[in-house]
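The values are calculated or read from the model by the stated rules, or taken from the named source; none is laboratory data. Because the structure is predicted, anything quoted here is derived from the model rather than measured. Don't worry about glycine lacking a Cβ; one is built from the backbone with ideal geometry, like all the others, and counts go over all protein chains shown. Accessible surface is based on the protein model in full, side chains and every heavy atom, while ligands, DNA and RNA are left aside. Shrake-Rupley method; radii C 1.70, N 1.55, O 1.52, S 1.80 Å.
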Amino acid sequence: MINLPLVEHCPTPMAVLNKNKELLVTSRGWDVLFKHPIVVNSNEIHFSHLLPPSLEHTRSALLNYIPGQKLNGEDSYVDQQGCLKWISYQIYDTPEQIILNLQDISLQKENQNNQYFRDILEKNAQIGSWQYDIENDVLQWSPITKSIFEVAQDYRPSLEESFLFFKQGQHLEQALNAINQIISTGEPFELELQIRTNTEREKWVCFSGGKAKHYSESNIIYGTIQDINKQKNTALRIALQEKQLKSTKRSMQENKRLFTSIFNSTFQFTGFLNLKGRLIDVNEPALKFAGIELEDALNKYFWDTYWWQNSKKERNKLKKNIAKAAKGKFVRYEAKILDKNQIPIYIDFSLKPVLDENKQVVFLISEGRVIQEMVEARKKLSESEKLHRMLLELSPTGLVLNDAMSGEFMEMNGSFKRSIGYIEKEFRALRHPDVIPKAHKTKELRVLKEVLENGICGPYQGEYLHKSGASVPSLITRVLITNHDGRKLIWSVVQDITQLQEKEAELLELINVASEQNNRLLNFAHIVSHNLRSHASNFSMLIELLGIEEDIFKKVEIMEMLNTASKNMLDTIANLNEIIAINTNLNIKTEVVNIRHEINEAFTNISELTKSAFAEIEINVPEQVQINVVKAYLESILLNIFTNAIKYKSPKRYPKITIDYENTKGYSIITISDNGIGIDLKKHGHKLFGMYKTFHGNRDARGIGLFITKNQIEAMKGKIEVESNVDQGTKFKIYFYENY
């Protein structure tokens, strides 16, 4: 609880209320602030009677005060003398009381307002102020002062540092003397000095200072600083101009003589015309060129003078251009005039309007320079350029010109555009790196470095990127040139070798095929030799037995054996013919087929076989999968492997055939698994795909099926792999080459 008697004698404006916001006591400082004492006789005095009517914010804060809060704020009121006063208030509570503390802040508010108006005055007048506290050695600059010295607004100056801004010499000395004098004697000063700002700019300022009136003993110096650079420079410039004017008057006569000398000594033809086109003056080179005197041309219309009598067309063109120049337009074109031998000569002709101080045309200057040799050289150059462009366009080799640094396309011929697939308009929006495949960009950077260092690179094999996204293999040579502007350019000779590479690939493929065919035929020759020799030996033995055998029944038996041997030999020849057909047919017709459909078709063809064996079929191949194959080969491959799965089933279980599909590394892979009797691959794996190789003693086995299957798969650039375990089953993985 607050001690109320102690509050009464408190010099700070303070009031204590109970929790019902009824006044308990006010301090002596309160009475001094509001110029009237409040006598508390009972609890009838409400807080609203405490405050002047205009303290609305304070009254509202007290009215809405909730115990436990601590409120701070500012408010204003008009005192008994009609003056505006400002207070700050603080409201808080104790367990039993509410305390209202006030503080008179009128003086601070007045200082803030005064500073605001001083800032506005400085800003509008562009006059900065400064203040130096001698006792505490504190220098203060206003924002305008800091702006004049071109320092940041948070810059804190010191007296010692401030002198560094004054220009060395008399300006610095005057500033130092003025400050020392005002500190010692209080005598004010006003000087025009040069400073060097924080950004190293020199400018003139009006620098003044003094002590406050009636306070000569004060330790505070006040001053102003104003940027007078423009005024000072203007005054200096006027003085300089006056000096130059006097010098100009003295040299005008000399300049006139010098002008006449130059006017008549130049190689170009020069004349002066009035606005109607009459010749006012002309120099001697022009007169000598035509072989005439000044009197022959002076005051004549320019188009009527000797020079222009070669062509009516030239005279009419001259009239029109003089009219344009008289309106203030500069005119320049190539014209033909007559020389003294009446030979038309090309000149570079111009008409320049001369303006007065009001921007009005007062007369025209005509100039002409003989360019006959240049025109003739230009014609030859134009013919040469036409020939060059024709050869460039007709060349079967691509030619392209790029900026060496930016890669901008400057020039390209039709062959290059056709090979890359872009039109010229599209090339203008591209850069060289845009048409280089990502994998070749590093290589092209090395090439660019070599070209810049050695002037040439190539020929080397690179690639361009076709508009379609395809790579265009090319044989490239790059040569560095520099044009008349010093710009580095690169000419590239680009030979599209796509067809050459395709032919090389075709040739290599043919060589590989021929080599493979030779190897197969060599192997086949061994097979034929072995098989036919076996049959021939059998025939020879049977015929020999037939010749020596006398028993008629034995002879019949031998004849039956000969008949069987003959059928076996025919089967062998048929098998060998089928293998020959597979290995020698280079132009096999391929087609795209649905693999799921072909698998279903194969099982349909052997449906009786699968039903009789109670075979379970599981096909895990997506409906949409398509592959490019020789359809007859595919049918043969599927039938051979499916029938083998049933033929070599396990006696312990019903057969199950599972077909799976996957795609990887350019191959479509069909996996065919069964649960049959399996094969001992360690024992028979090396001869599994051999001709006439059987492994299970089956009387129907011929040992030719897997041999033909392997040949058919390899003929389509595929391959076949096998996994097997005895009495567990066999898995064949058939790889169909996607790009076949």
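List of remarks:
- Whole-percent carbon and sulfur share, accessible surface of the stretch 609-663, 1.4 Å: 51
- Charge context of N229, other residues only, Cβ under 13 angstrom, K/R +1, D/E -1: +3
- In order along the stretch 708-717, phi translates into HN-Hα couplings of 5, 4, 4, 5, 5, 5, 5, 5, 9, 6 Hz, rounded to whole numbers, per the Karplus curve 6.51 cos²θ - 1.76 cosθ + 1.60 with θ = phi - 60° and x for Gly and Pro.
- Spatially close Lys pairs in the stretch 132-242, defined by Cα atoms under 16 Å apart and a spacing of eight or more places or different chains, total 5.
- Peptide ranges 710-719, 619-628 listed from the most packed, as the mean C-beta count within 10 angstrom indicates: 710-719, 619-628
- Global size of the stretch 159-229 as Cα Rg and Dmax, reported in angstrom: 12.6, 40
- In straight-distance terms, cross-link reach from K276 covers every one of the aspartates and glutamates whose alpha-carbon lies under 15 Å from its own, apart from those fewer than eight places away in the same chain; here that gives D304.
- Estimated dipole of the stretch 233-381 in Debye, rounded to 20 [Cβ of Lys and Arg +1, of Asp and Glu -1, Cα centre]: 620
- Cross-link partners for K386 among the aspartates and glutamates, with Cα-Cα distance under 18 Å and sequence neighbours closer than 8 places in the same chain left out: E376, E411.
- Carbon plus sulfur fraction of accessible area for the stretch 285-393, probe 1.4 Å, in percent: 52
- Under 17 Å of direct C-alpha separation, and excluding same-chain neighbours fewer than eight residues apart, K731 reaches these aspartates and glutamates: E616, E618, D660, E662, D674, D680, E721, E723.
- Anisotropy class of the stretch 340-382 from Cα gyration tensor, a/c 1.5 cut: oblate
- 12 Å beta-carbon shell around E738, net charge (K/R +1, D/E -1): +2
- Our compactness index for the stretch 323-363, the C-alpha radius of gyration over the empirical 2.2 N^0.38 Å, is 1.55.
- Applying the criteria of a DSSP loop state and at most 16 other Cβ atoms within 10 Å to the GluC sites (Glu not before Pro) of the stretch 143-209 yields E150, E200.
- Sites matching chymotrypsin sites (Phe, Trp or Tyr not before Pro) across the stretch 155-252 that sit in DSSP coil, with at most 13 neighbouring C-beta atoms within 10 Å: Y155, Y215
- For the stretch 344-451, convex hull of alpha carbons as volume per residue, Å³: 228
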